[in-house]
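Read the structure below first, then the notes.
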Amino acid sequence: MTKRRSRILNAAARLAVALGASALGALALPPPALAQQDDVARLPAGWQANEDDFLFLQLVIENYKLTYDVRGYQTDRGVCLDLADVIQSLDLPVRIDKKSRRATGWLFSEDQTFTLDREQNTVQNVNTGRAPVARDIYDTPEGWCVDTAALSRWFGIDFRPDLYNAVVRLKTDRELPFIKAIERRSRAARLRAKPKQFDLTKFPNAEMEYRPWRTPSLDVVAQAGYRTGNAIGGRDGGSGRLELYAAGEALGASYTARIATDDQLSPQTVRLRAYRNDPDGNLLGPLKATQVAAGDVETVAGRLTGQTAIGRGAFVSNRPLGQTSRFDTTTLRGTLPAGWDAELYRNGQLIGFQDDRGDGRYEFIDVELFYGRNDLEVVLYGPQGQIRRETSSVPVGFNQIEPGQTYYWAGVVQNQRDLFDLGNGIERAPQKWRWGVGVERGLDQRTSAAIGVQNLFFAGARRTYAEGSVARSFGRMQLELVGAHEFGAGSVAELNAAGRFGRLNFGANTLISFGNFTSEFVTQDLDYRAGFTVDTSLALGRFGLPIQAEAVHSKLKDESEVNEFLLTTSVNAGRAAFSAQLDHRERSASPTARASADTRLRLLANARFKGLRVRGNAAFLLNGRQKGFDNATVRVDKDIDDVSDLQAEVEYTARQDEFRFAAGYTRRFDKFSLRSDAYVTSSGGIGANIQLAFSLGPDPVGGGVRVTHSKLARSGQAAVTVFRDDDGNGVRDPGEELLKDVLVEAGLRRTDAITGENGRAIVDDLRPFRPVLVGVDESSLGDPFLAPAVKGIVLTPRPGVVAQIELPVSPTGEVEGMLLNPAGVEQPGVALELVDLRGNLVATTISEFDGFFLLQKVPYGEYRLRVAEAAANTLSVASDLTSARPGGTLTVNRANDIVRLGPIKLRRNDPPERNRAGETTIAAAPVGPASGDPLADDTPLP
């Protein structure tokens, strides 16, 4: 039993004895006279302050501990607190005059005056008026000790003693000055402090070896429908469509496969991709590749030569996963299931939209990037109300490649050709082979250089290119010089700049073409081109309006000139996002072409209000023969409950002068999702569809096949086993209990994964190839003496594959000791930390008024005890408090669940040694309120 518990239990026993004696006395004595009752009303009961009842408590409000501790006593009526300590801790302008036995001032605001008169036995303030106080105040050696119930009445704050934790919890609904002061200091501390990063390297990893075979997961989408009367989307009659998407492992590699049919169930596309991704670059031995792929792959874009290409082929690279290859633009591609659409956000601003185009992909080409950090997020919306997010970050102007580091890539692909050609006649581009290689090297902290070669079929001819570039940063600006040569044709040179001036991001580029150079980035008729872009936010009072503008002037070889202007603005207002894009292009007349101009306005919106999710887009032609409204779509989704929702959509196309009205209902079951919808057009078309979506995968808990509505093939999964680790070794041994009804968490989000009778749960929807910390929600543990042995285990999920993780939950013990200053006197107020052998913080405490410290709920294991770093650095002391123990650690286990370290003496930076009493002497120094240490501040509670 710990010292603090002993004190509390002894005090409770004394209180019980006192109450029993009082009850017996009340039965034995006759009723007191009225005069005696008056005396009792003026004076406290017979309780007297004594050392056994003394308390040393800390005031706590919300998530904060107040700086100064408060002395008090456990009385016959409850708990009293020293009034002077309370005034100091709450920073109240109240003066205590013991000579006149009065306390005067005001509480929290100047109009709440406070007067306490011991001679008159009264207290007067705005909360209580005038009231007697005789039984509320005890005279103690420290001063006036006031009952907590009286303090609650006087101050308008609820004082709730918690003797087990040695604190007094303050409860109030008012915004009090000292709370605001604490919050101001906390905000200031956060501004001064370096931002803390969540370092996953400090946690154990779940190793998941590749195997010759892992049973794949399969996503299935099946749709059947009927349409008639000039219906949109094809011929009249019945229709059916099927899409299968599989992901698994074979022969030591991951693979994905997609099979899709047309609306008559005839096979349309078959894609297969085998690949390995390793962010650490441990693939292909000396090549140290980060990604290797074969089958249906995507290549890297050149600077001025070839765009990114997709098709059947092979690709290898050691570049960081997701890194862009061009200076100020990037291309985003990914899988878009049937019936889904996608929105693109850059730094939280809505800038793009793409509907289902039937090929199973989304594609945002040449997305503009700005100097600094570009956070890109593609939000995918499914027909059953699903929402998927794919995020990436592309820095421009930062050190993208370390000095001496070399990145390479190489790829060959047959453009727009699936691995298996089904001869369906669909051809979006010439299906010709193309290949390319590229190398980039960091020369110093600010400079990098790159070269590349590409061969491709474009504009009716096969072309070979060589290109090179040099990029260098200057302050808050980066320059890039690029040159490219087409063998047998011509050359091109371009200078790019991107930077930031205050709140203004800017970019500029100039390009000059020589000869007959032509590529997927540069047209053959281009003579030169110059452009400028700006990105800023206009302050309109409290409202900020982001603005992006671009102007480009081009001179063509036929002597005509082209001017292009693009203006984009996006607004995020609460739960709504709006985006407008104005695009203007004009070309002057030439001997071979007439003058032309084209101006378009595009609007995008996404909003939530009153339980509705509204998304819409519209386009307008502002000049030309078809000037006016072009098209618009508005979609509204409404959640009926947690598993079902309604959708409504209105679409108008001006060229056909046709409206389309659609409505749908979606229901998500445990095993599948079901959607039905119907539509009607203003031209007489009618149609209806029903769609079934589900996923199949191996069941790691019950065995066999698991059927669920989650997209198993497109995301990672983890089968988690939670067990009671009785011996603290972190391994599940025979006979150790499996724990049920435990909630499992993944990263910063809560899940609905709760362990069953077998102690196992499945976590779905993990983002592939992004490390995530999987752990136990401690609040879900039924036994208060259990705690997770580790905060979590880091998992790097792979799509369609189930990772096996075991999470130990350990019984807990306590660590206690006595902290002494160099003179051998008890030292209060020293912040102490308990860390495991990996350096992870497990528990913290502060030594009490008598030097006693206690660390509770410590999982079984091996630890080190140290003085907190801030205190050690400020006082120039060594921090390790266990170096003199065998092995330099302490062990908490079943045989030793209460570790008593005994007295530990602190002293300045000297080598650890033993004193005559056998006590461990460690370099440290006194800290805390008693010595005026600034480290003992209003700090958030854990």
How large is the dipole of the range 398-505 about the Cα centre if only Lys and Arg carry +1 and Asp and Glu carry -1, each at its Cβ, rounded to the nearest 20 debye? 260 debye
Where Rh is the Kirkwood radius over Cα pairs, Rg/Rh for the range 471-512: 1.16
Accessible surface of the range 579-730 [probe 1.4 Å, protein heavy atoms]: carbon and sulfur percent: 57 percent
Give me the lysines in straight-line cross-link reach of K638: C-alpha distance below 16 Å, same-chain residues under 8 apart excluded. K610
Rounded if a/c is under 1.5, else prolate if a/b is larger than b/c, else oblate: which is the range 78-154, with a ≥ b ≥ c the root eigenvalues of its Cα gyration tensor? rounded
Result for the range 46-165: accessible area per residue, probe 1.4 angstrom, in square angstrom, of 47 Å²
Label the range 248-351 by shape, choosing from rounded, prolate and oblate, from the square roots a ≥ b ≥ c of the eigenvalues of the Cα gyration tensor; if a/c is under 1.5 it is rounded, and otherwise prolate applies when a/b is larger than b/c, oblate when it is not. oblate
For the range 657-697 versus the range 82-142, the gap between their alpha-carbon centres in whole angstrom: 72 Å
Are there any GluC sites (Glu not before Pro) in the range 699-786 that are in a DSSP loop and have at most 10 other Cβ atoms within 10 Å? List them by number. E757
Which links in K711/K791; K65/K171; K791/K857; K65/K857; K557/K627 stretch past 22 Å when you go from one Cα to the other? K711/K791; K557/K627
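Count neighbours as other Cβ atoms within 10 Å of each site's Cβ, and list the chymotrypsin sites (Phe, Trp or Tyr not before Pro) in the range 638-670 that are DSSP loop with at most 14 such neighbours.
Working: sites: Y652, F659, F661, Y665, F669; in loops: F669.
Loop-located and lightly packed - F669.
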Taking placed amide H atoms and a strict 5 Å upper bound, the residues 5 or more places from A589 or on another chain that come that close are A595
For the range 472-606, what does the alpha-carbon gyration tensor say about shape, rounded, prolate or oblate, given a ≥ b ≥ c as the root eigenvalues, a/c under 1.5 as rounded, and a/b over b/c as prolate? oblate
Taking the alpha-carbon centre of each part, the distance from the range 260-330 to the range 239-258 in Å is 16 Å
Select from the range 431-509 those GluC sites (Glu not before Pro) which occupy a DSSP coil region and have at most 13 other Cβ atoms within 10 Å, ordered by residue number. none
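The values are calculated or read from the model by the stated rules, or taken from the named source; none is laboratory data. Here the structure is a predicted model, which is why all the values come from computation and not from measurement. Cβ sites come from the backbone with ideal geometry, for glycine too, and all protein chains shown count toward neighbours. Note: accessible area is taken over every heavy atom of the protein model, side chains too, but ligands, DNA and RNA are not part of it. Shrake-Rupley method; radii C 1.70, N 1.55, O 1.52, S 1.80 Å.
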